[in-house]
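Here's the structure, in structure tokens; my notes come after.
The values are calculated or read from the model by the stated rules, or taken from the named source; none is laboratory data. Every value quoted in this text rests on a predicted model; they were computed, and no experiment measured them. Note that each Cβ is placed from the backbone with ideal geometry, even for glycine, and that neighbours are counted across all protein chains shown. With ligands, DNA and RNA removed, areas are computed over all heavy atoms of the protein, side chains included. Shrake-Rupley method; radii C 1.70, N 1.55, O 1.52, S 1.80 Å.
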Amino acid sequence: MKKHPIAVKLFLLLFLSLVVAIVYGVRGLYDARAHRAACYRANLEKLNSLEPSTATINTEVQQIQLDQDVIDQLEGTDDDTVIQRRNRMIDGVKLKLTKVNKDRADGQRRTERIQAELSSCLAEVK
């Protein structure tokens, strides 16, 4: 007769272990999901901070295009004043292009760093 109460106790112990394992697993999944969400949220804010830089670069590119149009209009003249103005504009365009290229490279590096941080953050979950 003692075998039956031992079987019940073993069954209850097994059942309780199963419940604990399930609760622990569900909590782990919840924590992992919360951690992933935090990673995405933090990195989304960083990526969104790059948008003003992109808008500035686009504005500078538009200005360069306008300057290039004026330079093209000034081409073919023999007037020294116009030639000097054109040369100054060309120098200005060169400087702007250098700045735009530097800004683009910086933006690319920041984007790559943010993506690496996101990958690293997500790897912590696994």
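Which one is nearest to Ala42 (Cα to Cα), of the residues in the range 96-115 that are among the aliphatic types (A, V, I, L, M) and surrounded by 11 or more Cβ atoms within 10 Å (Cβ to Cβ)?
That would be Ile114.
Do we have Asp67 as in contact with a helix residue (DSSP H, G or I) (Cβ under 8 Å, 6 or more places away or on another chain) and acidic (Asp, Glu) here? So that I can check it myself, show each step before the final result.
Values: in contact with a helix residue (DSSP H, G or I) (Cβ under 8 Å, 6 or more places away or on another chain): yes; acidic (Asp, Glu): yes.
For Asp67, the condition - in contact with a helix residue (DSSP H, G or I) (Cβ under 8 Å, 6 or more places away or on another chain) and acidic (Asp, Glu) - is met.
So how many residues does the range 71-90 have that are exposed (fewer than 10 other Cβ atoms within 10 Å of the Cβ) and part of a helix (DSSP H, G or I)?
So the count comes out to 2.
So Pro52 clears everything in (1) closer than 30 Å to Cys121 by Cα; (2) surrounded by 10 or more Cβ atoms within 10 Å (Cβ to Cβ) except one condition, right? Which one?
Of everything listed in (1) closer than 30 Å to Cys121 by Cα; (2) surrounded by 10 or more Cβ atoms within 10 Å (Cβ to Cβ), Pro52 misses just condition (2).
I'm trying to understand the selection: among the residues of the range 27-45, which are of a type outside the set (A, V, I, L, M) and open to solvent by 80 Å² or more (accessible area, probe 1.4 Å)?
Arg27, Tyr30, Arg33, Arg36, Tyr40, Arg41, Glu45
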